[in-house]
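First the structure, in the form of structure tokens, and then the observations on it.
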Amino acid sequence: MHHLSIQSSQGIKQAQQPQEERNFRPGEVVTGKITKFFPDNKALLQIGAKQVIAELQASLTAGGTYWFEVKEGGERPLLQVLPQTAGNQADVSQLIELAGMKPNKMNTSLVEGLMKQQTAFTMPQLKQALNLLQQKELQPVEVRKQALQLMLQRQLPLTESVLQAITARQTQDMTASLRELTNTVPVGSDKATPLQQMLGKLAPAGPAVHEQQLVKQIIQEAQAGKQDMYQAIRPSLPAAVPSFTVWQREWLAYDKQMDVGRSVPQQLIQESGSSSNRTTGILPFSQALDSFISEMQLVGKQSPAAQESLQTTLSTVRQLLSMFPDRSLPHEIITGLRTALEPFQSAPMAQDIYSQLAKGNVDNQQLQAKSTELLQLLQVTQTNEQSKDGDFFKNLLQDIVRQTGFSYEHDLNDADATDLPLKGLLLQHAAQGSERAELSSQLLQQITGSQLLQVQDDKQMAYIQLQLSGAPFGFDKDILMELEGRKEADGQLSSDHCRILFYLYLPFLDDMVVDMYVQKKAVSLHIYTEEGKAEQVMRPLQQKLKSALNTFGYHLSSVKYTISNNAKEASYVDTSLHAVHTEQKGVDYRI
């Protein structure tokens, strides 16, 4: 094998401005081309997009392309020429054979992809990756190939378990897995298990309820002696319904208990990872409140138009029954009520009225009472939805990250066994050999894959990916967020220079990508959808968005809408490019 010494070429212009100097790792395999000879056994060598001067210690051919293996790193790396067959052109099949594998179409495609992306790898890593590529029972070959390329880019362990986690993250929807597991976990006879409770939070029946605002409203009414919320929640209370006096006393006592929590410094509350009411006190009538919240979610998942139609119809029914309590409702009113109730069949309260109407033996007094209860539920749901502000969604996002267990291993020593996140509960569920444990394993792989790909950074930039269940936001599919940000001197991300992409699937607008770019407090948005109705829906909201940004010292500079056949791929941040394709400054090499 031949050795060469490479010296830096200060006079050769870089292909692009470097972000960070790249140092070769011992064992790394690179390909280079001898483009020109100079006196004193020196030659111009092209490695990727970089040109350097090589001091030759062996006879090579101008125009020849060779495989090199890094024997020593440092300021003047020592590169060793790998054996190759007749001819002076490095061939992918030669490298595959050196790794002890056959150069078939599948293997060649993997290595060509690595070379195209300029992904660093060693010969042992290449052999491990090629062996994993052969395991057909794991995933389709194209999925495995993409996952292995990503694993090598991120320098992740090349093991079967990591490959399964990455492919699960890339190909499966966490929201669907959560809901499937929710439907298969057996319900106990007494109360929900911790796993069931956590699944209920991460895969609720509808959009997450602003529980803090709901509790605040209950307390305010208790202080004022009002009974609106009491009457609304009353159908969810146990058979022995407490009087309003008891209800009022319990909530006032809870508010007094909460005063102690409010005296705790805000920093300590934030460090605890949650600002939920349930972490600072025992919530009165918690089971009834959970049941009522579930009803709110089932009602709230329907469109605002459907909610308004049902609310109008119920108001008409109540008014007619109040005016004519002894008369049957007109046929057209009954038909209109059934039509308005149809979208809400999943909500027990609405389904109860609908079934009574279908039977045709409706008691006016009972119908009026049930219509009043459902109307109150709709009103509370709408008021609660309107109360959702930026802080609510920020807290919800933090809660979902914590409850999923993305930092489970990091927090393991400080974890409370009675308050485990989903990952910890799934590990318990799988270890117990519970029924349908394969669903737990599948969800565990998705969470682990998300953890492995979550953060990637270098000296100047950081890249973060978050895949979250979309159910708490009222979405049927996952939310994927990709953040690219500049690092400050203290290592924190700059909020003045960053780019965030949101990959969403909205119930009425389908696939959407929101590309948000922030430069010196100026915010520009580029929204990609597969249909043009998004602009019609969202343009009226731009002024509200502009005002909200101004409140925090930001300026909305532009909003652009683009219709694309594939919104998900129309705008994509390939963070690996920033980590792998950084060009080096001039350094001395030895080959």
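Taken together, the values in this text are just the output of simple stated rules run on the coordinates, not laboratory data. Keep in mind that what you see is a predicted model, and the values were worked out from it rather than measured. So basically every Cβ, Gly included, is an ideal-geometry build from the backbone, and we count neighbours across all protein chains shown.
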Revision key, fill the gap. Relative contact order of segment 307-400 (C-alpha contacts under 8 Å, at least 6 apart) in percent is 32
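Can you pick out the pairs among 394/544; 301/544; 216/301; 145/487 whose Cα atoms lie more than 27 Å from each other?
Numbers: 394/544 18 Å; 301/544 23 Å; 216/301 23 Å; 145/487 32 Å.
Result: 145/487 exceed 27 Å.
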Practice item. Apply 1/(1 + (r/R0)^6) to the Cβ-Cβ distance of residue 253 and residue 458, taking R0 = 45 Å, and write down the FRET efficiency to the nearest 0.05. Key: 0.25
**Study point:** Anchor residue 33: aspartates and glutamates whose Cα lies under 19 Å away (excluding residues fewer than 8 positions away in-chain)
**Key:** 55, 69, 91, 112, 583, 588
**Study point:** Surface/4 estimate of mean projected area, convex hull on alpha-carbon atoms of segment 338-470, nm²
**Key:** 13.7
Check your understanding: Going by the alpha-carbon gyration tensor, a ≥ b ≥ c the square roots of its eigenvalues, is segment 448-526 rounded (a/c under 1.5) or, if a/c is not under 1.5, prolate (a/b greater than b/c) versus oblate?
Key -> oblate
Review point. Ranked highest first by the average count of other Cβ atoms within 10 Å around their residues, in what order do 490-497, 166-173 fall?
Key: 166-173, 490-497
Study note, to complete from the structure: Note: residue 411 to residue 342 extended length (0.36 nm per residue) minus current alpha-carbon separation gives 20.2 nm
Practice item. Set the Förster radius R0 to 35 Å, insert the Cβ-Cβ distance between residue 358 and residue 508 as r into 1/(1 + (r/R0)^6), and round the FRET efficiency to 0.05. Key: 0.75
Revision key, fill the gap. Given a Förster distance of 60 Å, the FRET efficiency implied by the Cβ-Cβ spacing of residue 387 and residue 135, rounded to the nearest 0.05, works out to 0.70
Study note, to complete from the structure: Taking a crude spin-label model, label points 7 Å out from Cα along the C-beta direction, the residue 287 to residue 441 distance in nm is 3.6
Study note, to complete from the structure: Counting sequence-distant residues (5 or more places) and residues on other chains, those with an amide H built under 5 Å from that of residue 154 are none
Revision key, fill the gap. Honestly segment 59-184 on the Cα gyration tensor test (a ≥ b ≥ c root eigenvalues; a/c under 1.5 rounded, otherwise a/b vs b/c for prolate or oblate) is just prolate
Exercise for review: Calculate the spin-label point distance for residue 102 paired with residue 246, positioning each point 7 Å from the Cα along the beta-carbon direction, and give it in nanometres.
Suggested key: 7.7
Study note, to complete from the structure: Counting only backbone N atoms under 20 Å from a point 7 Å out along Cα-to-Cβ of residue 91, the residues of segment 107-126 in range are 107-116
Study note, to complete from the structure: Scalar couplings 3J(HN,Hα) for segment 112-118 by Karplus 6.51 cos²θ - 1.76 cosθ + 1.60 (θ = phi - 60°), nearest whole Hz, x for Gly and Pro, are 4, x, 5, 5, 4, 8, 6
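Once you keep just the Cα pairs under 8 angstrom separated by 6 or more residues, what percentage relative contact order results for segment 331-489?
11
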Check your understanding: Given H placed 1.01 Å from N in the peptide plane, which residues other than close sequence neighbours of residue 64 have an amide H under 5 Å from its amide H?
Key -> 34
Revision key, fill the gap. Quick note, segment 424-576: a/c under 1.5 would make it rounded; otherwise a/b > b/c is prolate and the rest oblate (a ≥ b ≥ c, C-alpha gyration tensor); here it is oblate
